[in-house]
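The values are calculated or read from the model by the stated rules, or taken from the named source; none is laboratory data. Everything numeric here is computed off the predicted structure, so don't read it as measured data. Every residue, glycine among them, receives a Cβ derived from its backbone with ideal geometry; neighbour counts consider all protein chains shown. These area figures cover heavy atoms from the full protein model, side chains too; ligands, DNA and RNA do not enter into them. Shrake-Rupley method; radii C 1.70, N 1.55, O 1.52, S 1.80 Å.
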Amino acid sequence: MSKYVFPENFVWGTATSSYQIEGAANEDGRGESIWDRFSKTPGKVNDGSNGDVACDHYHRYRDDVALMKDLGVRAYRFSVAWPRVLPKGRGATNAAGLDFYERLVDTLLAAGIEPYLTLYHWDLPQALQDEGGWANRATAEAFAAYADVVSKRLGDRVKKWITHNEPWCAALLSNQIGIHAPGLRDYRAALSVSHHLLLSHGLAVPVLRQNSPGAEVGITLNFAPTFPASRSAADLDAARHHDGYFNRWFLDPLFGRHYPADMIADYIEAGHLPPEGFTDVRPGDLKIIAAPCDFLGVNYYNRTVTRSDKVPEEENLPRTVHVAPRSEWTDMEWEVYPDALRQLLTRLHLEYGPAKLYVTENGASYSDGPDAEGRVRDERRTRFLRDHFVAARRAMDAGVPLAGYFVWSLLDNFEWERGYTQRFGIVWVDYTTQKRIPKDSALWYRGVIAANAVDEG
Ligand code: BGC
Ligand code: BGC
């Protein structure tokens, strides 16, 4: 059995987000967010639920921090709900909202857990959506002002800042595919959103640096490592397009390379951009977006296998990338494919060279619940995490400057359009009693952190 030892000071953490766990949606002056509005629109969330109560973390944060301390977790990635701090998105701040995050941060620090604060994990104030949301360039400026308010208050204690979580989701999943809030199906609007999200990131970076001296500032992207189903020209081109759509569209401008020219051409051809091109981009924007960062946050769940629909199946080459029969799937119906994490981290390092990387999310949805003794035997999650930790360690052997790893998620929680039907937690949540039970995977994770090493198993 091999042992994979991690470097000293490797940051082992867990992650959550505000709307998915906090609850207290109508307390202490919190404003409405687009997820309140969306989840209460019939048909949008498959079990008809919403985040009004969720894990009631707003009231139970002390217990949740104590739980993390007990697991030995060194860092906690959480997000701030913008409408708690600025109920209308801009203008008047809500003191009670800022107080909550201050209490949370102080409790974490007292427990020896370093806060990694994400400013935007999708709960845009509804008041800003009513003015066009992220499709409106003014929202980028409102975001920078919000970043200023939060970092003025917490910048002395929070030293790790993540501007955005997964702009692909906030732009495309939400405005092109339309299964996340605000639920639009408008490709052009979605591309405007993508630009304004990146612009807002670039505007916030100097603000965070100013208010939080010595801090590390970065952004988290989600990636879909893309594999063509065959080596045919058609499948390879489908892979190029998908990689551009999902990965390069965000990476390239962040690393100073403009939006990818092949994608601009594809989008013009498809009518998703006007013939003049990406007219939302104004002079100077690309420089703002490419503000140097201290790290890149990587969220990885699964890979994508692309098959061209431009060539009929029988005219294509035989498909060589198989996801069956040996693959496993999680309850999200996502394929388990750990090696793509190794490949992804290596690619990011070689092609973009961020100063540092963190895996800011990785984890799996499995429904295993308490047995007769009240124990949650979620071996599949343990195996999933172990195999992904090993994949990350192998990337580090190849020179990738990976500094930490945050398991998604600390708690079972509100899984967006799937409501409470999916359980990603290493801690079980009983939503009727709000009781928490660390699953076997959490106890295993405690051992990994204590040993700073993983057995291959
Ligand atoms: C998101 C989380 C979500 C997780 C599982 C990530 O893309 O950041 O909010 O719960 O995926 O779907
Ligand atoms: C899933 C969502 C998930 C999102 C972010 C989508 O593919 O359908 O449930 O929240 O990815 O991970």
Practice item. Pairs only if they're at least six apart or on different chains, beta carbon under 7 angstrom, first in the range 8-23 and under 14 Å from Arg77 (Cα atoms) and of a type in the set (S, T, N, Q), second more than 14 Å from ligand 1 (Cβ to nearest atom) and open to solvent by less than 10 Å² (accessible area, probe 1.4 Å); list them, first residue then second. Key: Thr14/Met68; Thr14/Val73; Thr14/Tyr76; Ser18/Val80
Check your understanding: Does Val217 count as open to solvent by less than 10 Å² (accessible area, probe 1.4 Å), away from ligand 2 (no atom under 16 Å from the Cβ) and touching a residue at least 60 places away in the same chain (Cβ under 8 Å)?
Key -> yes
Check your understanding: When the residues of the range 33-86 are filtered to those that are closer than 14 Å to Gln434 by Cα and among the acidic types (Asp, Glu), which remaining residue is surrounded by the most Cβ atoms within 10 Å (Cβ to Cβ)?
Key -> Asp64
Exercise for review: Would you check if Arg386 is open to solvent by 40 Å² or more (accessible area, probe 1.4 Å) and within 16 Å of ligand 1 (Cβ to nearest atom)?
Suggested key: no
Revision key, fill the gap. Note: among Leu124, Leu173, just one is free of Cβ contacts under 8 Å to residues at least 24 places away in the same chain and within 16 Å of ligand 1 (Cβ to nearest atom), namely Leu173
Study note, to complete from the structure: Residues of the range 134-153 being over 26 Å from Ser409 (Cβ atoms) and either in contact with a helix residue (DSSP H, G or I) (Cβ under 8 Å, 6 or more places away or on another chain) or among the basic types (Lys, Arg) (or both), in sequence order, are Ala135, Asn136, Arg137, Thr139, Ala140, Glu141, Ala142, Ala144, Asp148, Val149, Lys152
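Scan the range 307-336 for residues that are over 15 Å from Pro228 (Cβ atoms) and of a type outside the set (A, V, I, L, M, F, W, C) and report the count.
Selection size over the range 307-336: 11.
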**Study point:** Qualifying positions in the range 274-328 - in a strand (DSSP E or B) and among the β-branched types (Val, Ile, Thr)
**Key:** Val298, Thr304, Val305, Thr306
Practice item. Answer yes or no as to whether Ala190 is under 17 Å from Ala135 (Cβ atoms), in a helix (DSSP H, G or I), more than 13 Å from ligand 2 (Cβ to nearest atom) and in contact (Cβ under 8 Å) with a residue 12 or more places away in the chain. Key: yes
Review point. If you take the residues of the range 290-347 that are basic (Lys, Arg) and more than 16 Å from ligand 2 (Cβ to nearest atom), which of them is least open to solvent (accessible area, probe 1.4 Å)?
Key: Arg319
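Yes or no, residue by residue, for (1) more than 28 Å from Trp444 (Cβ to Cβ); (2) touching a helix residue (DSSP H, G or I) at 6+ places or on another chain (Cβ under 6 Å); (3) of a type in the set (Phe, Trp, Tyr); (4) in contact (Cβ under 8 Å) with a residue 40 or more places away in the chain:
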residue	(1), (2), (3), (4)
Asp294	yes, no, no, yes
Asn299	no, no, no, yes
Asn302	no, no, no, yes
Glu315	yes, no, no, no
Trp329	no, no, yes, no
Glu333	no, no, no, no
Ala340	no, no, no, yes
Review point. How many of the residues in the range 252-289 are of a type in the set (Phe, Trp, Tyr) and surrounded by fewer than 11 Cβ atoms within 10 Å (Cβ to Cβ)?
Key: 0
Practice item. Considering (1) closer than 23 Å to Gly297 by Cα; (2) outside any loop (DSSP other than H, G, I, E, B); (3) not small (Gly, Ala, Ser), say which one Glu8 fails and leave the rest. Key: (2)
**Study point:** Within the range 117-133, tally of residues that are open to solvent by less than 10 Å² (accessible area, probe 1.4 Å), within 18 Å of the chain's Cα centre (by Cα) and not hydroxyl-bearing (Ser, Thr, Tyr)
**Key:** 5
Review point. Which one of the conditions (1) under 17 Å from Cys293 (Cα atoms); (2) in contact (Cβ under 8 Å) with a residue 60 or more places away in the chain; (3) more than 12 Å from ligand 1 (Cβ to nearest atom); (4) in contact with a Phe, Trp or Tyr (Cβ under 8 Å, 6 or more places away or on another chain) does Thr163 fail to meet, given that it meets all the rest?
Key: (2)
Practice item. Could you tell me which residue of the range 229-247 is farthest from Val321 (Cα to Cα), considering only residues that are assigned to a helix (DSSP H, G or I) and small (Gly, Ala, Ser)? Key: Gly244
Exercise for review: Kindly indicate whether any position in the range 403-412 is open to solvent by less than 50 Å² (accessible area, probe 1.4 Å) and more than 16 Å from ligand 1 (Cβ to nearest atom).
Suggested key: yes
Revision key, fill the gap. Pairs returned, first residue in the range 392-418 that is within 14 Å of ligand 2 (Cβ to nearest atom), second residue that is of a type in the set (S, T, N, Q), beta-carbon separation under 6 angstrom, 6 or more apart or interchain, are Ser409/Thr16; Asn413/Gln20; Phe414/Gln20; Glu415/Gln422; Arg418/Asn46
